[in-house]
1. Yes or no: Asp98 touching a residue at least 12 places away in the same chain (Cβ under 8 Å), within 15 Å of the chain's Cα centre (by Cα) and under 18 Å from Asn162 (Cα atoms)?
2. Looking at Ala174 and the list (1) in contact (Cβ under 8 Å) with a residue 12 or more places away in the chain; (2) farther than 12 Å from Thr59 by Cα, which single condition is not satisfied?
3. Starting from region 74-88, keep only residues that are outside any strand (DSSP E or B), then list their pairs with residues that are open to solvent by less than 20 Å² (accessible area, probe 1.4 Å) whose Cβ atoms are within a distance under 6 Å, requiring at least 6 positions of separation or different chains.
4. Among the residues of region 169-188, what is the count of those that are surrounded by 15 or more Cβ atoms within 10 Å (Cβ to Cβ) and farther than 18 Å from Val92 by Cβ?
5. Please go through region 116-138 and give me each residue that is in a strand (DSSP E or B) and either open to solvent by 40 Å² or more (accessible area, probe 1.4 Å) or modelled with pLDDT under 90 (or both), ordered by number.
Amino acid sequence: MCSFDIRSLQRWAVASIVAVSPSLTSALADEPLPPIRPANYDWQGPYAGVLLGLKSFRTSHADLSGAPADFSARGRIAGIIAGYNFTHRDLVFGPEGDVSYGLLKATENGNAFKTDFHASLRARVGRRFGRALPFATAGISTVQFAYRDAQPGIRQSHVQFNATAGGGIEFALAPALSGRIEYLYGRKLGSRDTGLNHTHIVRAAATYQFGN
């Protein structure tokens, strides 16, 4: 008797599944599941942080005495960075500024050339992909440099303005913390004979997003 009841129950269950399956399949076909998309990070608002990197320069030297020298140097830099992000759909844009310090010095044929402070004010624009933000940036930078001529007593220092541009990628690491890596290129503005013809900066930064 028990065996008969179990077989009857099994047959009833199979028949029920077969009867319900077409209706269930039709209902699922009428209401497709929404696509799965990664949530976009909200970059809107002010941010500030710290940066570390490497900087190199190459100079012109028309004002220096002695044989022509190819002045170039590279070294480490550290500083602070801050800005404000505006968003429009997946577009992220806004102003950004930074100040950094790193003593770079080159000597050749009795002449010496050094630079330390660097600052920039730039516009930045990027497109967010989930928690990633690739971006481009351009603006104006300023550097302080000094040189000592081979002739005794000839020392000068100047502040130079550069056109600067570059790009990088930033990642949201936590609700209010992001990290980035970027490259900046600077080229001397104006007609001064002596100065930093080219600067190259590769740096990493960690920023706190106050909007989050």
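1. Values: touching a residue at least 12 places away in the same chain (Cβ under 8 Å): yes; within 15 Å of the chain's Cα centre (by Cα): yes; under 18 Å from Asn162 (Cα atoms): yes.
Yes; evaluated as a whole, the condition is true for this residue.
2. In the conditions (1) in contact (Cβ under 8 Å) with a residue 12 or more places away in the chain; (2) farther than 12 Å from Thr59 by Cα, Ala174 misses (1) alone.
3. Close Cβ pairs (under 6 Å, with a partner that is open to solvent by less than 20 Å² (accessible area, probe 1.4 Å)) do not exist here.
4. 4
5. Step one: list which residues in region 116-138 are in a strand (DSSP E or B), which gives 116-127, 129, 132-138.
Passing the criteria: Phe117, Leu121, Ala123, Val125, Arg127, Phe129, Pro134, Ala136, Ala138.
The values are calculated or read from the model by the stated rules, or taken from the named source; none is laboratory data. Only a predicted model underlies this, so the values are computations on that prediction, with no experimental measurement involved. For neighbour counting, all protein chains shown are included, and Cβ atoms are generated from backbone atoms with ideal geometry for every residue, glycine included. Ligands, DNA and RNA are stripped out before the accessible areas are found, and what is left, the full protein with its side chains, is counted by its heavy atoms. Shrake-Rupley method; radii C 1.70, N 1.55, O 1.52, S 1.80 Å.
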